[in-house]
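The values are calculated or read from the model by the stated rules, or taken from the named source; none is laboratory data. Predicted model, so just to flag it, every value in this text is computed and none were measured. Please note: Cβ atoms are built from the backbone with ideal geometry, for glycine as well, and neighbour counts cover all protein chains shown.
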Amino acid sequence: MEFLETKLKKNFIIKINKVEDKRGFLKREFCQKNFDTILEGKTIRQINSTYTKNKGTVRGLHFQKTPFTEIKIISCTKGKVWDVAVDLRKNSPTFLKYHSVILSKDINESFLIPEGFAHGYQTLSPDCEMLYLHTSDYNKDYEDGINILDPKISIPWPDKISIQSERDKNFPNLTSNFVGLNL
């Protein structure tokens with residue numbers, strides 16, 4: 001595995017080696033030893049997957065507040081998505097900046113979202129499946145989100161937004177007194 005840091009500190013694209021032969025291929029999606037430094041002593045506590053039926057669907061922008069902030073490792077196992085991470089860390093030099101990548105089953109990359117970031121994605125094809133590895137347990141009382149069309153972030157979603165959950169549609173824009181997440 002190769003870890004390539006984006007313009008946002010601690011946000012990584014993970015290039016995964018694929019070994020192929022006449023049977024097919026093998027990819028190591030996760031090995032704690034490879035991630036020890038990046039995860040800063042944390043371990044994977046939860047693994048989730050999603051299936052999204054329609055192209056243009058947006059999920060996000062989601063995050064968990066302290067003390068349940070988490071590092072996420074995101075992979076697309078079927079289809080193609082435009083994945084985005086938004087820096088919400090208080091006093092970060094890249095506060096409210098975002099970085100996006102395209103993930104697909106054909107691209108041997110994952111996306112590491114650090115603590116203090118919001119995360120979301122838009123499906124670029126129908127029938128997308130995503131795999132999420134989390135360093136913290138989900139806690140409903142500490143979940144939060146921001147509106148995907150918040151002008152303070154101005155994310156240029158690549159396609160027309162076809163579907164969002166009611167919860168995600170109702171996430172507010174950031175207020176003028178939002179100074180970021182304390183970690």
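Scan the range 132-161 for residues that are surrounded by 13 or more Cβ atoms within 10 Å (Cβ to Cβ) and either of a type in the set (Gly, Ala, Ser) or outside any loop (DSSP other than H, G, I, E, B) (or both) and the total you get is 8.
Could you go through the range 5-24 and let me know if any residue there is under 19 Å from Met130 (Cβ atoms) and more than 19 Å from the chain's Cα centre (by Cα). Taking every residue of the range 5-24 in turn, at least one turns out to be under 19 Å from Met130 (Cβ atoms) and more than 19 Å from the chain's Cα centre (by Cα). Restrict the check to the range 166-174 and report whether at least one residue is assigned to a loop (DSSP other than H, G, I, E, B), of a type outside the set (Lys, Arg) and free of Cβ contacts under 8 Å to residues at least 24 places away in the same chain. Yes, that holds for at least one residue.
Regarding the range 14-22, can at least one residue be identified that is within 26 Å of Lys169 (Cα to Cα), among the aliphatic types (A, V, I, L, M) and crowded, with 16+ Cβ neighbours inside 10 Å? The answer is no, given that none of the residues of the range 14-22 is within 26 Å of Lys169 (Cα to Cα), among the aliphatic types (A, V, I, L, M) and crowded, with 16+ Cβ neighbours inside 10 Å. In this structure, is Val101 buried (at least 21 other Cβ atoms within 10 Å of the Cβ) and over 21 Å from Gly180 (Cβ atoms)? Answer is no for this residue. Number of residues in the range 95-113 that are β-branched (Val, Ile, Thr) and modelled with pLDDT under 95 equals 1.
Within the range 121-131, the set of residues being part of a loop (DSSP other than H, G, I, E, B) and of a type outside the set (A, V, I, L, M, F, W, C) comprises Ser125, Pro126, Asp127.
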